[in-house]
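The values are calculated or read from the model by the stated rules, or taken from the named source; none is laboratory data. Note that this is a predicted model, so its numbers are computed, not measured. Positions of Cβ are backbone-derived with ideal geometry, glycine not excepted, and every protein chain shown enters the neighbour counts.
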């Protein structure tokens, strides 16, 4: 008891110190491991690239101007955005019903079902992409089955297409969306839905007017997470999209490593980071305003 | 109320603990990866078969000298980026780097490679003169030839012009990471030269329009050859031999425009910590038996005159006297100067 009393009476300065000790290690990791490299990367992006000389120190916006004025790079950014938006919309559409069912089920196997959702995360992205390659190849599983059933004469081109990339990323991101939505939906009182139904609203109206606005924090969190992951996808576009399907993540890598052009690679990385951040913040602001009561 | 024993470290405890940690570190048999010890070298190399064959064929010769070799495995772009990034450090993390001749030249231009003292490499007296670069030693070589499946391609091609031809449509395959040699072959087929790839661009765009298939890696193209998704391509003769061994139906032709040379070698970074060990390695890799091992196992030609390759193997991997006349060394200065622009064209226009 005496100890408890002492804790209550501890001076404010001491509590601040405890908080600082608790926060310091994570902060140090973020500062040293993320902020400093980002600052360095930004500095690189202002340098000049001279073939054979690697990187020449300068203070120029030429790399950003090159990105913004070259239709090729703008198209790569647009393609990345398109893929990320389609993946996010698909994951939310497919994930919501699953998350709702998981949140509301009274089954004693609920934990097992949750484990099944998490299970794919135990396998790395590249390994899963390899699985899709077996599935999508011209002599792969899908073409063999469709051909065997006599549904197709010549094999369908499934590999190295935008569709293959979208399917691959959706499969990776879906568990994140389901888990985020499920935890939020579980916190929504079921009686609110019952009240809506009792007051004469149909299931769709109940979803639109009661459930969705209340689940909006989950939709925003899950959607943002999914969007960020899709914008920065690397292994899936490289393996399932093939050499001609170009999006931002692999472009950053190729510019750094394939062309040894660090200044332009750094600028592309910054454009990707800024676009992802700006769109994530903008969507959060817009949707929060729309559903604020 | 139960009392708990608590730990109150005294200065004595602290000193005892610190002493124990220091002793444990000093006596630990494994040190952190660095190239410091005289008996140990760090070798940057590709993984897979090449790394395994280095262990099997080269490193056996170093055992009597008690030189331990640690492989730092990675693709060559990543290893080159690391070499450049480490250039300012007084002590680098590798003692030797396995690189193609073109990449060795590029690194030499960037000022990160040691100028070699051939007096320290006894076996270099047997080295083919073309493989003796001031900044690196050629280890193995092969040439870019035409590969075709006679079942799918009626008439055997004789030239790069026959091969990089829109008439093949989707039966023609190209490897993304082989962009330099593909542009080189297209240039030779279109009036260009080893120092001017521009004339080949139009031809490449024509085959693109006709539906050429582009594969990300050598292995992906091999799979496509096996599946008969494609029937014609250009590739190292050594790879063709490996693929034939794996049961893939391909025949090879040395193009009449020439056979661009691929040399893979080793270079010592300026800031290597164990240069003596690195020289010992260079000497070991030029041992005739080590070179013969690579010819047998990997299908590449030896770079020393005293290696004896069995006649049957020589016939498959080597080049006839007449073909040797057509071996074309690369214009390394042209490639180093233009590589970035060529790659950008490849990514933006050809693949775009």
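Among the residues of the stretch A:59-78, those identified as more than 11 Å from every other protein chain (Cβ to nearest Cβ) and in contact (Cβ under 8 Å) with a residue 60 or more places away in the chain are A:63, A:64, A:67, A:77. Here is a check on your reading of the model: is residue B:290 in contact with a helix residue (DSSP H, G or I) (Cβ under 7 Å, 6 or more places away or on another chain) and farther than 30 Å from residue A:253 by Cβ? Taking the combined requirement at face value, the residue satisfies it. Among the residues of the stretch B:152-160, is there at least one that is assigned by TED's automatic domain parsing to the domain that holds residue B:219, crowded, with 20+ Cβ neighbours inside 10 Å, at pLDDT 95 or above and under 29 Å from residue B:341 (Cβ atoms)? The answer is yes, given that some residue of the stretch B:152-160 is assigned by TED's automatic domain parsing to the domain that holds residue B:219, crowded, with 20+ Cβ neighbours inside 10 Å, at pLDDT 95 or above and under 29 Å from residue B:341 (Cβ atoms). Can you name every residue in the stretch A:21-51 that is at pLDDT 90 or above and not in a helix (DSSP H, G or I)? A:46, A:47, A:48, A:49, listed by residue number. In a loop (DSSP other than H, G, I, E, B) and within 14 Å of chain B (Cβ to nearest Cβ): does that describe residue A:151? The answer is no for residue A:151.
Here residue B:302 meets each of (1) within 21 Å of the chain's Cα centre (by Cα); (2) under 24 Å from residue A:264 (Cα atoms) with one exception, condition (2).
Among the residues of the stretch B:105-125, the one identified as out of contact with any helix residue (DSSP H, G or I) (no Cβ under 8 Å at 6 or more places or on another chain), at pLDDT below 95 and assigned to a helix (DSSP H, G or I) is B:108. Residue B:266 passes every criterion in (1) surrounded by fewer than 22 Cβ atoms within 10 Å (Cβ to Cβ); (2) not in a helix (DSSP H, G or I) apart from (1).
Of all residues in the stretch A:236-249, those satisfying the criterion of being within 12 Å of residue A:169 (Cα to Cα) and within 12 Å of chain B (Cβ to nearest Cβ) are A:237, A:238, A:239, A:240, A:241.
Condition test on residue B:291, is it more than 15 Å from the chain's Cα centre (by Cα) and over 22 Å from residue B:134 (Cβ atoms)? Judged against the criteria, residue B:291 is not a match. For the structure I just gave you, tell me whether residue A:263 is assigned to a helix (DSSP H, G or I) and within 25 Å of residue A:43 (Cβ to Cβ). Judged against the criteria, residue A:263 is a match.
Among the candidates B:299, B:247, single out the residue that is surrounded by fewer than 19 Cβ atoms within 10 Å (Cβ to Cβ), out of contact with any strand residue (DSSP E or B) (no Cβ under 6 Å at 6 or more places or on another chain) and at positive phi.
B:247
Scanning the stretch B:209-235 for residues that are closer than 23 Å to residue B:295 by Cα and modelled with pLDDT under 95, we see that the one that is nearest to the other protein chains (Cβ to nearest Cβ) is B:217.
Here is a check on your reading of the model: is residue B:225 surrounded by 21 or more Cβ atoms within 10 Å (Cβ to Cβ) and free of Cβ contacts under 8 Å to residues at least 60 places away in the same chain? Criteria not met by residue B:225.
Take the stretch B:60-82 and flag every residue that is outside any strand (DSSP E or B) and away from every other protein chain (no Cβ under 14 Å).
Going through the stretch B:60-82, the residues outside any strand (DSSP E or B) turn out to be B:60-67, B:74-82.
Of everything in the stretch B:60-82, those that are outside any strand (DSSP E or B) and away from every other protein chain (no Cβ under 14 Å) turn out to be B:60, B:61, B:62, B:63, B:64, B:65, B:66, B:67.
Scanning the stretch A:244-260 for residues that are outside any helix (DSSP H, G or I), touching a helix residue (DSSP H, G or I) at 6+ places or on another chain (Cβ under 8 Å) and in contact (Cβ under 8 Å) with a residue 60 or more places away in the chain turns up A:245, A:246, A:247, A:260. Between a first residue in the stretch B:93-113 that is on the phi > 0 side of the Ramachandran plot and a second residue that is surrounded by fewer than 19 Cβ atoms within 10 Å (Cβ to Cβ), which pairs have beta carbons less than 8 Å apart while being 6 or more apart in sequence or on different chains? Here the result reads B:111/B:87; B:111/B:270, each pair linking the stretch B:93-113 to a residue that is surrounded by fewer than 19 Cβ atoms within 10 Å (Cβ to Cβ).
Scanning the stretch B:324-343 for residues that are part of a helix (DSSP H, G or I) and either modelled with pLDDT of 90 or more or surrounded by 18 or more Cβ atoms within 10 Å (Cβ to Cβ) (or both) yields B:332, B:333, B:334, B:335, B:336, B:338, B:339, B:340, B:342, B:343. Checked against the criterion of being outside any strand (DSSP E or B) and closer than 16 Å to residue B:330 by Cα, the candidates B:204, B:188, B:221 yield just one match: B:188.
Of the residues examined, residue B:312 is not one that is surrounded by fewer than 19 Cβ atoms within 10 Å (Cβ to Cβ), outside any loop (DSSP other than H, G, I, E, B) and within 14 Å of chain A (Cβ to nearest Cβ).
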